[in-house]
Amino acid sequence: MPKVLVLYYSSYGHIETMAHAVAEGVRAAGLEADVKRVPELVPEEVARTHHFKTEQAAPIATTRELPEYDAIIVGAPTRFGRLPAQMANFWDQTGGLWLKGALVGKVGAVFTSTASQHGGQETTLYSLMSNLLHHGMVISGLPYSFQGQLTLDEVTGGSPYGATTIAAGDGSRQPSANELDGAKFLGQHVAGLAKKLA
């Protein structure tokens with residue numbers, strides 16, 4: 001049975017919440033999902049001073065584990081419209097896997113969080129996605145069959161390039177029901193593709 005990795009980085013918990021929703025969608029489709037995170041690079045004292053969510057249950061992933069999975073769904077918040085250093089650092093260590101073509105043909109997808117509706121969601125999704133494309137992965141977005149993307153009566157994330165949430169400038173807004181539904185839909189969709197390609 002195909003296995004799916006939900007790999008994330010989360011400073012304040014928004015992406016952590018989305019990661020678990022993605023995994024819920026994978027499991028609803030009947031596949032195994034592991035939720036893991038990349039290592040924090042910020043010194044512990046600085047992270048505490050800036051109120052990072054330092055206690056997160058997900059284990060730390062290693063690059064050598066990646067070939068064990070049939071699909072990898074990657075999530076991280078934006079940093080000025082691109083992926084954060086923590087996630088970039090993780091993928092920068094995958095050169096050996098790239099050289100072997102170890103991830104070629106696996107399914108990949110992405111999700112993100114920004115402070116505002118137009119705070120770089122799509123550019124961040126693309127910057128996450130480019131790592132997967134360079135590894136020869138088969139990329140899935142969030143199809144418009146997830147009707148929540150067409151919602152106009154509330155402020156909400158959601159993009160054809162991946163699931164998204166909006167955190168507010170002070171991080172006070174948590175993922176909405178619609179955004180969590182989008183994350184679950186993404187997980188379920190990727191699981192379906194992984195089954196077809198297995």
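Can you say whether residue 110 is over 17 Å from the mean Cα position of the chain (by Cα) and of a type in the set (Val, Ile, Thr), as far as the supplied structure shows? Here the answer is no, as residue 110 does not meet what is asked.
Scan the stretch 173-198 for residues that are in a loop (DSSP other than H, G, I, E, B) and modelled with pLDDT of 95 or more and the total you get is 4.
Go over the candidates 169, 158 one by one and state the one that is surrounded by fewer than 17 Cβ atoms within 10 Å (Cβ to Cβ) and either more than 17 Å from residue 27 (Cα to Cα) or modelled with pLDDT under 95 (or both). Step by step, each of 169, 158 is checked, and only 169 is surrounded by fewer than 17 Cβ atoms within 10 Å (Cβ to Cβ) and either more than 17 Å from residue 27 (Cα to Cα) or modelled with pLDDT under 95 (or both). All of 191, 163, 168, 115 fail the test of being among the small types (Gly, Ala, Ser), touching a residue at least 12 places away in the same chain (Cβ under 8 Å) and in contact with a Pro (Cβ under 8 Å, 6 or more places away or on another chain), apart from 191.
How many of the residues making up the stretch 161-198 are closer than 12 Å to residue 18 by Cβ and among the small types (Gly, Ala, Ser)? Counting residues in the stretch 161-198 that are closer than 12 Å to residue 18 by Cβ and among the small types (Gly, Ala, Ser) gives 7. The set of residues in the stretch 69-97 being of a type in the set (Asp, Glu) and within 23 Å of residue 183 (Cβ to Cβ) consists of 70 alone. Among the residues of the stretch 37-66, the ones that are within 23 Å of residue 95 (Cβ to Cβ) and either crowded, with 16+ Cβ neighbours inside 10 Å or among the small types (Gly, Ala, Ser) (or both) come to 6 in all. Looking at this structure, is residue 57 part of a loop (DSSP other than H, G, I, E, B), at pLDDT 95 or above and over 17 Å from the mean Cα position of the chain (by Cα)? Spelling it out, it is not the case that residue 57 is part of a loop (DSSP other than H, G, I, E, B), at pLDDT 95 or above and over 17 Å from the mean Cα position of the chain (by Cα).
Is the stretch 30-46 home to any residue that is in a loop (DSSP other than H, G, I, E, B), among the charged types (D, E, K, R), farther than 15 Å from residue 180 by Cα and at pLDDT 95 or above? Yes, that holds for at least one residue.
Just to verify a result, which residue in the stretch 147-172, among those that are of a type in the set (Val, Ile, Thr) and part of a loop (DSSP other than H, G, I, E, B), is nearest to residue 8 (Cα to Cα)? The selected residue is 156.
Tallying residues that are more than 11 Å from residue 139 (Cα to Cα) and either of a type outside the set (Gly, Ala, Ser) or buried (at least 22 other Cβ atoms within 10 Å of the Cβ) (or both) within the stretch 105-116 yields 4. On inspection, residue 127 qualifies as under 25 Å from residue 38 (Cβ atoms), crowded, with 19+ Cβ neighbours inside 10 Å, of a type in the set (Ser, Thr, Tyr) and in contact (Cβ under 8 Å) with a residue 40 or more places away in the chain.
The values are calculated or read from the model by the stated rules, or taken from the named source; none is laboratory data. Bear in mind that the values here come from a model prediction, so they are computed numbers and not experimental data. Please note: Cβ atoms are built from the backbone with ideal geometry, for glycine as well, and neighbour counts cover all protein chains shown.
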